[in-house]
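A short worksheet on the structure shown next.
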Amino acid sequence: MRAFRYESLPGRVVFGVDSALDVASEISGQRVLVLATPRGLPLARRLAQPLGDRVAGEFTAVREHVPVAVAEQAVACARSLGADCLLAIGGGSTVGTAKAIALELRLPIVAVPTTYAGSEMTPVWGMTSADGKRTGRSLDVLPSLVVYDPSLTMGLPRELTVTSAMNAMAHSVEGVYAAGANPISSLMAVESVRALASGLQAKDGLEARTSLLYGAYLAGAVFAVAGSGLHHKICHVLGGAYALPHAATHTVVLPHVAAFMDGPALAPIASALDALTAAEGLRALARRVEAPTSLVDIGFDPAKLAEAASLVAARVDVAEDAIRGLLAAAL
Ligand code: NAD
C-alpha cells in the first residue's frame, strides 16, 4: 500500500430521523443566533423554540455563494447581539453564512443541514464579490456539531433533490483522485456513492431520504479531507463567472470530468455504480433520475465556450484544448 496522510477533523455528528427535534438540548450557548432562509425560518423557529430566551436573534438575509456584503451584515448582526453560538438550519448557503461569521468572530456553529451540499462537514469557507469567489480553509468555520435529520429533507423538491445529491456525488467521485485522496476517505467515498445512487433510485420516502442524507454526510467528509480537483475548479468558474446554479452545474459536468479522469483511481466508483466505468455509471444514473445533462439547459451561453475554457485552463494543469473539448461535450 502506498503511504498516505489522513487528518481526522474534530466535530460531533448526530444522525437519525427526528434527531433535529432535540438539537436545542445539544446547545450550551446562552445567546444563540439562528440562521435560516426566509423559507426555512418556520422550521428553524420550531427547532430553536426549546431554547426560549437563549435565542438572541435571527438572521435570514442568506444568499447563494455568500456575497461579501451579506457576510458583513451577518457578522455585524452577530456582534451587535453578543451572540456566543450560531445555529444554522438550511442548505449550503445558510451554513456558508454561518461560516462567514465564525471566520470573523470564532463562534461555534451547530449545523442542521436540509440539502445534500455537505458544507457542514468541511472547514472550507467561501465568499463572493465582483472579483469572483474567494475560498479558504480554517478550523474556526468547521461546525462543532452537525445534526442530520432525514425527515427535514422530505420537502426538498425532486429537481433539487436530484441535483443536490449529484453535487454530493461529485465530492465523492473527485475525492478518490484529488490531491488529498487517501484509503480512508476513499472508503467513505465508495460507500457514499452507493448510498446516494440507491437513495436517488428508490421510491421517495423516509428510507430513500435517509440513504441520501447518509451519502451526503460521507461525501462532505470526503471533500473535507481529500479536497477538490479538476471537477470543482470547472464548476467554480462556471458558477462564478456565468452565475450558473451550483448543484445543477455539478450535476451536468460530473460525468464528463469522470470520463476525462477515467483510470484505476475511479474503478471503485464504477463498481459502486455497477458499471464498467465511473463515467458510464454516472451517465446511466443521470438518465434514470432525469438529471439535467446540458450546460445550455441550465443557462450557459454556448458562445462563451472558448472564454470559459480559457478561464478554467488558467487554474488547472490541463491543456486548454482538452478543457474546451470537455465543456463542448457538456453543452
Ligand atoms: P442552498 O443552500 O442555496 O439551497 C438551495 C435552495 O433550496 C434554497 O432556495 C433553499 O431555500 C432551498 N431549500 C433548502 N433546504 C430545503 C428543503 N429541505 N426543502 C425545500 N427547499 C429547501 O443550496 P445548496 O445546494 O444547499 O448549497 C450551495 C452552496 O453551498 C453554494 O454556495 C456552495 O458553494 C456551498 N457549498 C460549500 C461547501 C463548503 O465546503 N464550503 C460545500 C458544498 C457547497
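Annotations
- Taking a Cβ cut-off of under 12 Å around Ser138, the surrounding Lys, Arg, Asp and Glu residues balance to a net charge of +1, with basic ones at +1 and acidic ones at -1.
- Length gained when the stretch Arg134-Arg54 is fully extended (0.36 nm per residue, less Cα-Cα span): 25.5 nm
- Per-selection metrics, region 86-239 (Cα): Rg and Dmax in Å: 14.7, 43
- Where a label projected 7 Å from the Cα of Asp274 along Cα→Cβ would reach, residues of region 195-220 with amide N under 14 Å: 195-203
- With helices as the sole contributors, the chain gives -15500 deg cm²/dmol at 222 nm; each DSSP H run of n ≥ 4 counts as -39500 (n - 2.57), and the sum is divided by every residue.
- Distance between modelled label sites at Arg31 and Arg79, nm, 7 Å Cα→Cβ extension: 1.3 nm
- Here region 121-181 is treated as an ellipsoid with the same Cα gyration tensor; its semi-axes, largest first and in whole Å, are 23, 17, 16.
- Ellipsoid equivalent to the chain - semi-axes via the Cα gyration tensor, in Å: 32, 22, 18
- Value of relative contact order over the chain, rounded to a whole percent, pairs C-alpha under 8 Å and six or more apart: 14 percent
- Amide H contacts of Ala117 (H built 1.01 Å from N, in plane; Pro and chain starts excluded): Gly92 sit under 5 Å, all sequence-distant by 5 or more or on other chains.
- Where labels lie 7 Å past Cα in the beta-carbon direction, separation of Leu41 and Ala329 in nm: 4.6 nm
- Degrees, to the nearest 10: 183-201 long Cα axis against longest axis of the chain: 90 degrees
- With Cα atoms, 0 to 90° folded angle of helix 68-81 axis to the chain main axis: 20 degrees
- Once the Cα atoms are used to define both axes, helix 206-226 deviates from the longest principal axis of the chain by about 80 degrees.
- Extending 7 Å from Cα along the Cβ direction at Asp321 and again at Thr293 yields two label points whose distance is 2.8 nm.
- For region 197-237, the direction-averaged projected area of the alpha-carbon convex hull comes to 3.5 nm².
- Computed on the Cα trace of region 175-331, the radius of gyration divided by the Kirkwood hydrodynamic radius gives Rg/Rh = 0.96.
- Separation of alpha-carbon centers, region 265-309 and region 105-129, rounded to whole Å: 26 Å
Quick note: the coordinates plus some simple rules give every number you see, no bench work behind them. Computed from a predicted structure; not experimentally measured. Note that each Cβ is placed from the backbone with ideal geometry, even for glycine, and that neighbours are counted across all protein chains shown.
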